[in-house]
Structure formats: structure tokens, C-alpha cells
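S.K.: There's a structure below that I have some questions on.
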Amino acid sequence: TRLFQQRERERERMSGERKEQQQQQHSAERKQFNELQTKYFETTQKLKQLQSQFQQKHVDKQRALLTAKELSSSSSSSNASGEEGGPQANLYKPLGRGFVLRSRQQIEKELSETVKKAEKMMDDCQNQKTFLEGKTQEIERNLRELLQGNEGLQRELHEAGLLGGGML
């Protein structure tokens, strides 16, 4: 019976150690989940900001193109009617709440530069968007791998309201 008691105590000790190891592993997995979740939210926020910047640059480009088109059509219509409106004509350009007098050539050059800058920024945004979308997919894949086969973590996250009805 003494031998039996020693074996029983040894089993209980080992069982306690296993439980402690499982809790430590579970804690590490929970920490890893929280880190991945934070990265996911940060990345999606960056994507939203990037999409907003892209949209703003697209609007800037369209506005500059439309203004340039109107300038060229007003120049050709005033030339046909014999009025002064050629490339040497001075025009008013809005600046804040006021206007400044500029030559038509200078305004057309500034509009062209605005279009080029907007196109460059749109290309940069597109490249960053592609990178961030790849990063988001990688984070999603890592989250799935972490949760797959880890029912204890799934249950804990579901109870905490961090995980929907099923796995990701």
C-alpha cells in the first residue's frame, strides 16, 4: 500500500505539472492571438487610410484635368471670336480665399504638375495597398492556424465574444 500511495502522489504531481504546462501554453497562445488580432486591426486601418488617400488623389487629378480641359476650350473659343485669350493671357487662380493673377502658361504647367504628382501618389498607394493586402492575408492565415485544433482557445475566445459562431 505504501508503494501504491507513492505512485498515486507521483501521478498527482505529474498531473499538476501537466496542467500547469497546459495553462502556460494556453496563456502563450492567447497572447499570440491578441498580438495577431492587434496587427490585423492596425493593418486594416492602414488599408482604409490608404484607400482614402487614393480617392483624394484621384479627385485632385480629375479636378486638374477638368480645369485644364476648360482652359484649353476657353482659349480656343476666345481665339475664334477674335478676343485676347491666347497663351499670353493672364488669368486669376484661386489661392485660399483670394485670387492671384497668373499667366495661362503658368497655370497650365501647374495643372500638369498636379496631375503627375497625383498619378505618382496613386501608384504609390496602389503598391502599398497590394503589400498590406498580402500582410492581412498572412495574418488571417496565422490566426486560422493558431485556432485550428485548439478547441480550448476557441471556446475561451467564443465565451469572451472575440470569436463568432465558427472558426475564422
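The values are calculated or read from the model by the stated rules, or taken from the named source; none is laboratory data. Note that this is a predicted model, so its numbers are computed, not measured. Please note: Cβ atoms are built from the backbone with ideal geometry, for glycine as well, and neighbour counts cover all protein chains shown. Protein only, heavy atoms only, side chains kept; ligands, DNA and RNA dropped before computing areas. Shrake-Rupley method; radii C 1.70, N 1.55, O 1.52, S 1.80 Å.
S.K.: Please count how many residues of the stretch 35-71 are under 27 Å from the mean Cα position of the chain (by Cα) and either open to solvent by 60 Å² or more (accessible area, probe 1.4 Å) or within 30 Å of residue 94 (Cβ to Cβ) (or both).
M.R.: Going through the stretch 35-71 one residue at a time, the tally reaches 25.
Okay, residues lined up against (1) over 30 Å from residue 58 (Cβ atoms); (2) of a type in the set (S, T, N, Q):
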residue: 106; (1), (2): no, yes
residue: 111; (1), (2): no, no
residue: 118; (1), (2): no, no
residue: 123; (1), (2): no, no
residue: 127; (1), (2): no, yes
residue: 142; (1), (2): yes, yes
residue: 155; (1), (2): yes, no
residue: 161; (1), (2): yes, no
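S.K.: Go through (1) surrounded by fewer than 12 Cβ atoms within 10 Å (Cβ to Cβ); (2) modelled with pLDDT under 90; (3) farther than 30 Å from residue 151 by Cβ one by one and return the number of the condition residue 75 breaks.
M.R.: (1)
S.K.: Out of 132, 153, 146, 163, report the one residue that is part of a loop (DSSP other than H, G, I, E, B) and of a type in the set (A, V, I, L, M, F, W, C).
M.R.: Values: 132 fails: part of a loop (DSSP other than H, G, I, E, B); 153 fails: part of a loop (DSSP other than H, G, I, E, B); 146 fails: part of a loop (DSSP other than H, G, I, E, B).
That would be 163, the only listed residue that is part of a loop (DSSP other than H, G, I, E, B) and of a type in the set (A, V, I, L, M, F, W, C).
S.K.: From 138, 113, grab the single residue that is at pLDDT 95 or above and either closer than 30 Å to residue 27 by Cβ or over 34 Å from the mean Cα position of the chain (by Cα) (or both).
M.R.: Checking each option against the conditions leaves just 138.
S.K.: Does residue 144 meet the test of being surrounded by 11 or more Cβ atoms within 10 Å (Cβ to Cβ), at pLDDT 90 or above and not polar (S, T, N, Q)?
M.R.: Numbers: surrounded by 11 or more Cβ atoms within 10 Å (Cβ to Cβ): yes; at pLDDT 90 or above: no; not polar (S, T, N, Q): yes.
Against the criterion (surrounded by 11 or more Cβ atoms within 10 Å (Cβ to Cβ), at pLDDT 90 or above and not polar (S, T, N, Q)), residue 144 does not qualify.
Yes or no, residue by residue, for (1) open to solvent by less than 80 Å² (accessible area, probe 1.4 Å); (2) touching a Gly at 6+ places or on another chain (Cβ under 6 Å); (3) polar (S, T, N, Q):
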position	(1), (2), (3)
111	yes, no, no
114	yes, no, yes
118	yes, no, no
124	yes, no, no
131	no, no, no
